[in-house]
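Engineer: Take a look at this one; I'll ask things after.
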Amino acid sequence: MAAAAAGSNGSILLSMQQIAPDHSRIGWIGTGVMGALMCGHLRQAGYPVIVFSRTKAKAHPLLDRGASWADSPRVVAEQSTVIITMVGFPRDVREVYFGPEGILAGARPGSILIDMTTTEPALSREIAAAASTRGLQAIDAPVSGGDVGARNATLSIMAGGNRETVEHLRPLFERLGKKMVYQGGPGAGQHTKLCNQIVIAGTMAGVCESLLYGFKAGLDLSQMLESIRGGAAACWTLDNLAPRILQRNFDPGFFVEHFVKDMGIALDEAKRMNLTLPGLTLVHGLYQRVQALGHGRSGTHALMLALEELSGTAMTTSPPGRIP
């Protein structure tokens, strides 16, 4: 492992050892819907990978492809030069980093920690501060693109932390996404992801309401989507999730319960900044109803189920007569 060296701002950085399969051992923690796919790209690129997940069975596809298993985040950190986390909730992030068997208990000076979970900006700053006292670098780098982006390595990555460290990691990020943008200091990546989630919340409500309206109006929904995708309404959600709704396929690309968590963090941050976000507040409440209906582990497009309930109309029934 390369020795630590001072960056231009006095921070601790890995010396300019290349981030490449021959030089970097990757520790990966969290093998859920997106994490397993993302880690798979690094393994396919030839990076040595050591993995930990609370449910070992979820890591079996990676282990079958040559990844090694560790019994705790601490062991992952002890054996890695770059440690990446992709877990569920802020409480999970805190345990993975600060627990007695956590990353900070095992990481060696000069290592780089990358949290790609969407979590609280204040927690990212806390991790960065704790890392700095131990001669480590911590980057918050949440992503957008869902399971499709994770599978196709087309994620958008929003990075916060030391700029030199982020640029040093670019070869790694390029294996995971099509765009990586540096946002600022610790926590800035998380704030950017929350902006992303605010947009998605409003967009998802609009897409679901559009489909429900079109259904009641007697439109051929596939033809309707073909038209509006080519205009100002064009967006990722229309292209990727609207067809799943028509198929009644609510399998997760991103869990409802995680989206509720993200919106809750954004609303807490808005309150702290004395902002009122009525649109986000409304959609957050609708998604809480989706959870109450038992669909917390469904995909975010399951918002349609709550809207159908509110309208007393299910798109599984026979559609109204076609408009002549």
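The values are calculated or read from the model by the stated rules, or taken from the named source; none is laboratory data. Just so you know, these numbers come straight off a predicted model, no measurement behind them. Cβ sites come from the backbone with ideal geometry, for glycine too, and all protein chains shown count toward neighbours.
Engineer: Checking ARG248 against (1) part of a loop (DSSP other than H, G, I, E, B); (2) of a type outside the set (Asp, Glu); (3) touching a helix residue (DSSP H, G or I) at 6+ places or on another chain (Cβ under 8 Å), which test does it fail?
Structural biologist: Among (1) part of a loop (DSSP other than H, G, I, E, B); (2) of a type outside the set (Asp, Glu); (3) touching a helix residue (DSSP H, G or I) at 6+ places or on another chain (Cβ under 8 Å), the lone unmet condition for ARG248 is (3).
Engineer: Quick check on the range 28-52: of everything there that is out of contact with any Leu (no Cβ under 9 Å at 6 or more places or on another chain) and closer than 21 Å to GLY102 by Cα, which residue is surrounded by the fewest Cβ atoms within 10 Å (Cβ to Cβ)?
Structural biologist: Only one residue fits best here, namely PRO48.
Engineer: Could you tell me which numbered condition ILE198 fails, if it satisfies all but one of (1) free of Cβ contacts under 8 Å to residues at least 40 places away in the same chain; (2) surrounded by fewer than 23 Cβ atoms within 10 Å (Cβ to Cβ); (3) of a type in the set (Val, Ile, Thr)?
Structural biologist: Going through (1) free of Cβ contacts under 8 Å to residues at least 40 places away in the same chain; (2) surrounded by fewer than 23 Cβ atoms within 10 Å (Cβ to Cβ); (3) of a type in the set (Val, Ile, Thr) one by one, ILE198 breaks only (1).
Engineer: For the range 111-121, does any single residue satisfy the condition of being more than 25 Å from PHE254 (Cβ to Cβ), in a strand (DSSP E or B), of a type in the set (Val, Ile, Thr) and not assigned by TED's automatic domain parsing to the domain that holds LEU267? Break it down stepwise before answering.
Structural biologist: We begin by selecting, within the range 111-121, every residue more than 25 Å from PHE254 (Cβ to Cβ); these are 111-112.
If we keep only those that are in a strand (DSSP E or B) too, we end up with 112.
Next, from what is left, pick out any that are of a type in the set (Val, Ile, Thr): 112.
Then drop every residue that is not not assigned by TED's automatic domain parsing to the domain that holds LEU267, which leaves 112.
Checked against the condition, which is being more than 25 Å from PHE254 (Cβ to Cβ), in a strand (DSSP E or B), of a type in the set (Val, Ile, Thr) and not assigned by TED's automatic domain parsing to the domain that holds LEU267, the range 111-121 yields at least one hit.
Engineer: Now for a separate question. Identify, by number, the condition in (1) assigned to a helix (DSSP H, G or I); (2) surrounded by fewer than 17 Cβ atoms within 10 Å (Cβ to Cβ) that THR316 doesn't meet.
Structural biologist: For THR316, the exception is condition (1).
Engineer: Still on this model: Checking the condition closer than 24 Å to PHE89 by Cα, aromatic (Phe, Trp, Tyr) and touching a residue at least 60 places away in the same chain (Cβ under 8 Å), which residue from PHE250, PHE255 passes? Working first, answer last.
Structural biologist: On the way: PHE250 fails: touching a residue at least 60 places away in the same chain (Cβ under 8 Å).
Result of the check over PHE250, PHE255: PHE255.
Engineer: Yes or no: the range 143-159 includes at least one residue that is surrounded by 22 or more Cβ atoms within 10 Å (Cβ to Cβ), of a type in the set (Ser, Thr, Tyr) and not assigned by TED's automatic domain parsing to the domain that holds LEU267.
Structural biologist: There is no residue in the range 143-159 that is surrounded by 22 or more Cβ atoms within 10 Å (Cβ to Cβ), of a type in the set (Ser, Thr, Tyr) and not assigned by TED's automatic domain parsing to the domain that holds LEU267.
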